[in-house]
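To keep things clear, I will list the structure first and then write my remarks on it.
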Amino acid sequence: EAGVTQSPTHLIKTRGQQATLRCSPISGHTSVYWYQQALGLGLQFLLWYDEGEERNRGNFPPRFSGRQFPNYSSELNVNALELEDSALYLCASSLGGVPETQYFGPGTRLLVL
Amino acid sequence: RKEVEQDPGPFNVPEGATVAFNCTYSNSASQSFFWYRQDCRKEPKLLMSVYSSGNEDGRFTAQLNRASQYISLLIRDSKLSDSATYLCVVTNYGQNFVFGPGTRLSVLP
């Protein structure tokens, strides 16, 4: 069974640009979570989607947004990129709407120059 | 106070040693608890869930103390391959997962 996949693996952008990151959950999983992990820091929760709806949002500015598609895949969009947005962005998926065990994808490394 | 706290370490232990990590959480309504491990520059992977009765998986034992609001992970007979960062994770019903900052373990030959 395929795990969580993310694309691209690496992304280089300049300040002010927009980045789009994609995630495909494990087949049968309806929940998708996004996290930011800056170098040397812990995981910071960004967004949680389930059944196409945003269920919860972390303490990030509105320029971080996303959506979940009918096939449960998800996109994370970061507008007006800032240098401090450089980080590993991890997507995780789980079953159902109640927090269950999460399985992580390999992440997208975003570098903002 | 952070919602989930862990001793950042690093814990440097020789092979074969027993090492224990603690994690404290502030929300008494927390529902589910997990330990994840994260290797350097890799994604976190589930190590084990933590149940009120405690649970064991080979060399790993997890305990939950709801009254004191802490979770522990015990690793016996440490192997070099156990070197990683161990993340304590707490969930609240209907809410998101909250990850602790992680405890770094280095098992030395």
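The values are calculated or read from the model by the stated rules, or taken from the named source; none is laboratory data. Because the structure is a prediction, the values reported are computed rather than measured. Please note: Cβ atoms are built from the backbone with ideal geometry, for glycine as well, and neighbour counts cover all protein chains shown. Only protein heavy atoms, including side chains, enter the accessible area calculation; ligands, DNA and RNA are left aside. Shrake-Rupley method; radii C 1.70, N 1.55, O 1.52, S 1.80 Å.
Filter the range B:1-20 down to residues that are closer than 13 Å to B:Val89 by Cβ and part of a strand (DSSP E or B) and give me whichever is most open to solvent (accessible area, probe 1.4 Å).
B:Glu5
What's the number of the condition A:Val32 fails, among (1) more than 10 Å from chain B (Cβ to nearest Cβ); (2) closer than 25 Å to A:Leu113 by Cα; (3) in a strand (DSSP E or B)?
Failed condition: (2).
Starting from residues that are acidic (Asp, Glu) and closer than 24 Å to B:Gln38 by Cα, keep the ones in the range A:49-94 and report whichever is farthest from the chain's Cα centre (by Cα).
Result: A:Glu84.
Do you know which residues across the range A:50-66 are in contact with a Gly (Cβ under 8 Å, 6 or more places away or on another chain) and open to solvent by 80 Å² or more (accessible area, probe 1.4 Å)?
A:Glu51, A:Glu54, A:Arg55, listed by residue number.
Say we look at the range A:61-113 and pick out the residues that are basic (Lys, Arg) and in a strand (DSSP E or B); which of these is farthest from A:Pro25 (Cα to Cα)?
A:Arg109
Can you name the residue in the range B:48-107 that is among the aromatic types (Phe, Trp, Tyr), under 16 Å from B:Thr24 (Cα atoms) and within 14 Å of another protein chain (Cβ to nearest Cβ) and is also most open to solvent (accessible area, probe 1.4 Å) among such residues?
Applying the filter and picking the extreme gives B:Tyr51.
Which one of B:Arg66, B:Arg41, B:Arg59 is of a type outside the set (Val, Ile, Thr) and under 25 Å from A:Ala38 (Cβ atoms)?
B:Arg41
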